[in-house]
Amino acid sequence: MRSILSILVVVGFVISMPFIFNKSITVEEPHKLDVDGNFILNEWVPSRAGKGAKWDYNLKPVQVSKRVWCFFGAMEMPTKENAGDMSNSCYIKGDTEWIGWDSGPSFIFAEQAYAEMKKIADMPVKNVIISHEHDDHWLGNNYYKEVHGAKIIGPESINENYYGPRHIDGKDYPGMQTRMIKALYQNAVRGTTLVKVDESFDETTKFTISGVNMEYVKVGYAHSEEDWFLYLPDEKVVLVADVVMNGRVTSNRDGIVIGQINALNAIKSRDWDYLVPGHGFITDKSAADESVQYFALLKDRVLEKMEDGVVADFITKEVTLDEFRDKDLYYILSPGNVFRSYEELEMFDEDDLIDFSAENSDDENDDEEKEEA
Ligand SMILES: [Zn+2]
């Protein structure tokens, strides 16, 4: 009797094996599957072909100056719903080619952006210039590389921080997998791969591409480990990416307050009529004002509270930057910015602030300093 029982147990186990070892997944919210029927994956996934229709970014370029058009992204964090379209990227019209400034969050974004620009002038993209390493600004690079054979000019930090095997939490990965690749629907991120920057500069460099004079200005560690902006002196336009944001609170998670203030002063020292921020829609002479005010207040108030003996744990209660309460992402990002700046400003040294107006007076630059720029 006991042997029959044990046979039954074994048989029962064998029958149930497929269910034990192949747990089937019940989809409770089928609308959360992407168009290819994929879950949004959070583990490392190799780039897949996919089969559904491409995400429609519905892109409309806005002309900023004679030669410059930009695509303005949503004032949000990157989500599946905005498909990473939450930063600004631009096109500069050369004599015989388009020049890209920040390529957006995905291959498909870049492809659709180019399709719009082609309607304005049917020219290829031979050069793409990148501001900094955050992935909402450069994941379109492989579109320009693969389809146009473009050269990617950008900070060395992209190559250093995203490529090569890495060991994270006990696992081995072939390279960094950025937040877009993890967060977006497959039909938006499909085809997006990381490509290396082809050319980097050590210092601020002036060059001319297809008849457009440019100054690619290094501001170093500011909003990220290595930030650059692009000044077009003949257009009186400055494309500054994330060292300036308006209409929303900045994310200083990878940045430093003093670096930000220095970057804003470097921008101020150029003569421009239009400024395109990394996030935000204001492009006139007031475009940088919110960032200038935000970082000045952040620095002064945190230093003041520090002197009063407020410890790091309470700094986000004491410094709230209420002037920015009605700006997008205030509640998500501002406390983090305050908390992070405490650590940095404990080692604050007045000499770390760079006086660009003094530097410029030896230069050929106009000496009557514009009071607001
Ligand atoms: Zn950024």
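How high is the relative contact order of the range 200-307, in percent, counting Cα pairs under 8 Å that sit 6 or more residues apart? It rounds to 23 percent for the range 200-307. Residue by residue, the range 235-251 carries 3J(HN,Hα) couplings of 8, 6, 10, 10, 9, 10, 6, 7, 6, 10, 9, 9, x, 9, 7, 6, 9 Hz when phi is fed to the Karplus relation 6.51 cos²θ - 1.76 cosθ + 1.60 (θ = phi - 60°); x denotes Gly or Pro.
Can you tell me the order of 313-320, 83-90 when each peptide is scored by its average per-residue count of other Cβ atoms within 10 angstrom, highest first? Walk me through the intermediate numbers first.
On the way: 313-320: 15.1, 83-90: 26.8.
By packing density, highest mean first, the sequence is 83-90, 313-320.
Assuming a viscosity of 1.002 mPa s and a temperature of 20 °C, what translational diffusion coefficient in µm² per second does Stokes-Einstein assign to the range 164-226, Rh being the Kirkwood radius over Cα pairs? Taking Rh from Cα pairs, D becomes 138 µm²/s. Count Lys and Arg as plus one, Asp and Glu as minus one, and take only other residues whose Cβ is under 14 Å from that of GLU116; the net charge is then 0.
If you wrap the tightest convex hull around every Cα atom of the range 248-337 and split its volume per residue, you get 98 Å³. For the modelled label position 7 Å from the Cα of SER286 along Cα-to-Cβ, which residues of the range 300-336 have backbone nitrogen atoms closer than 20 Å? Residues 322-330 qualify, since their backbone N sits under 20 Å from the label point. When only alpha carbons are used to place a centre, the range 185-238 and the range 249-312 end up 20 Å from one another. Normalised per residue, the accessible area of the range 200-335 is 39 Å², obtained with a 1.4 Å probe and no contribution from ligands, DNA or RNA. Relative to the current alpha-carbon distance between ALA296 and ILE168, full extension at 0.36 nm per residue lengthens the span by 42.4 nm.
How large, in percent, is the carbon and sulfur part of the accessible surface of the range 103-174 at a probe radius of 1.4 Å? The computed percentage sits at 51.
The values are calculated or read from the model by the stated rules, or taken from the named source; none is laboratory data. As the structure is a prediction and not an experimental result, all values here were calculated from the model. Cβ: placed from backbone, ideal geometry, glycine included. Neighbour counts: every protein chain shown. Just the protein is used for accessible areas: all its heavy atoms, side chains included, with ligands, DNA and RNA removed. Shrake-Rupley method; radii C 1.70, N 1.55, O 1.52, S 1.80 Å.
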